[in-house]
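Data first, discussion second: the structure below is written as structure tokens.
The values are calculated or read from the model by the stated rules, or taken from the named source; none is laboratory data. Keep in mind that what you see is a predicted model, and the values were worked out from it rather than measured. With ideal geometry, Cβ positions are generated from the backbone for all residues, glycine too; neighbour counts draw on all protein chains shown. Keep in mind that these areas ignore ligands, DNA and RNA; they rest on the heavy atoms of the full protein, side chains included. Shrake-Rupley method; radii C 1.70, N 1.55, O 1.52, S 1.80 Å.
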Amino acid sequence: MQNFILFLRSLLFTAVLLVVTPIWACICFLALPLPYSQRYYVTSRWNVFTIWLAKVVCGIRYRVKGYENLPDAPVILLCKHQSAWETIFLLCNMPRPLSFVLKKELLYIPFFGWALGALRMIPIDRKQGVKALRQVTEQGRKRLADGQWIIMFPEGTRIPVGQKGKYRGSGTKLAIDTGALVVPIAVNSGEFWPRNSFVKRPGLITVSIGKPISPEGQAQEAIMEQVETWIESEMRVISPNIYNRSGKHVSS
């Protein structure tokens, strides 16, 4: 019976989003002539609404640790990726507009992707390899100069709860190339909004923000090791009951 109720709540959540998202996308199109800060604000209200809806309908609450660690400076956020939840939450809850490094295919998603295209994201084609990395550096430098923060998921994809993907160094390379600070973020969203799962479960998501890491005088590998060590250690703090303490690796 409990699983059936969870299914119904998840169904209601999805149904409401299916109705609201096209309407919101149209509003985003109307906002295109506005200055970017206003356009970003209008577009990100969908994110605010979705996080609220998940709380009211599905019982998914959240708390943020370490918000005071966010500096008033150019930043590259490197975040654990377990769920779609953090991509929605972070866009509307950081002190500066975010620019996601994302797969260009996401921009083709009806309504959602079209509205996303109104923002200054960094879409890439992963198949292009070195060319894609060069694009991240070039566009990332511009976004940081415009006052945006860059956000990347170093494991590259959503990772099952309790497991660890292969950490990739494109984010730390960008930090070295631009001099931007690196801020690691751990999140246990997958416990309640699992990847590839329709049913969402009530609970408290923890978003934990680490202290900034300066790239000055450091090698790319050293910075990445610090990021990986902090995130994986923090996962054991915020998700102690189910996290795989063996650090099982998942190829990504």
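What translational D, rounded to a whole number of µm²/s, comes out for the range 80-124 from Stokes-Einstein when the hydrodynamic radius is the Kirkwood one over Cα pairs, at 20 °C and 1.002 mPa s? Please report the intermediate quantities before stating the final value.
Numbers: Rh = 11.2 Å.
Stokes-Einstein gives a translational diffusion coefficient of 191 µm²/s.
As a fraction of the 1.4 Å probe accessible area of the chain, surface on carbon and sulfur atoms comes out at 59 percent.
What shape does the range 124-252 have by the C-alpha gyration tensor, where a ≥ b ≥ c are the square roots of the eigenvalues, rounded means a/c under 1.5, and otherwise prolate means a/b greater than b/c and oblate the rest?
Details: a/c = 1.87, a/b = 1.61, b/c = 1.16.
Verdict is prolate for the range 124-252.
Of the DSSP H helices in the chain, those that are both long (alpha-carbon extent of 24 Å or more along the helix axis) and hydrophobic (Kyte-Doolittle mean at least 1.6) are 2-30.
Shape of the chain from the C-alpha gyration tensor: oblate (a/c of 1.5 or more and a/b not above b/c, with a ≥ b ≥ c the square roots of its eigenvalues). Take the alpha-carbon centre of the range 144-174, take the same for the range 25-92, and report the distance between them in whole Å. Spelled out, the Cα-based centre of one part sits 17 Å from the other.
Just the number please: accessible area per residue for the range 127-242, 1.4 Å probe, all protein chains included, in Å². Accessible surface, normalised per residue, equals 45 Å².
In percent, rounded to a whole number, the relative contact order of the range 10-63 is 43, using alpha-carbon pairs under 8 Å and six or more apart. Listed by chain and number, the lysines whose alpha-carbon sits under 28 Å from that of residue 200, ignoring those within fewer than 8 places in the same chain, are 55, 65, 80, 103, 104, 164, 166, 248.
Once the Cβ-Cβ distance between residue 236 and residue 19 is put in as r, and R0 is 41 Å, what FRET efficiency do you end up with, to the nearest 0.05? After rounding, the FRET efficiency stands at 0.55.
Can you tell me how the range 1-106 classifies by the Cα gyration tensor, rounded, prolate or oblate, using a/c under 1.5 as the rounded cut? It comes out oblate by the Cα gyration axes. In this structure, residue 197 and residue 229 have a Cβ-Cβ separation that, at R0 = 30 Å, corresponds to a calculated FRET efficiency of about 0.55.
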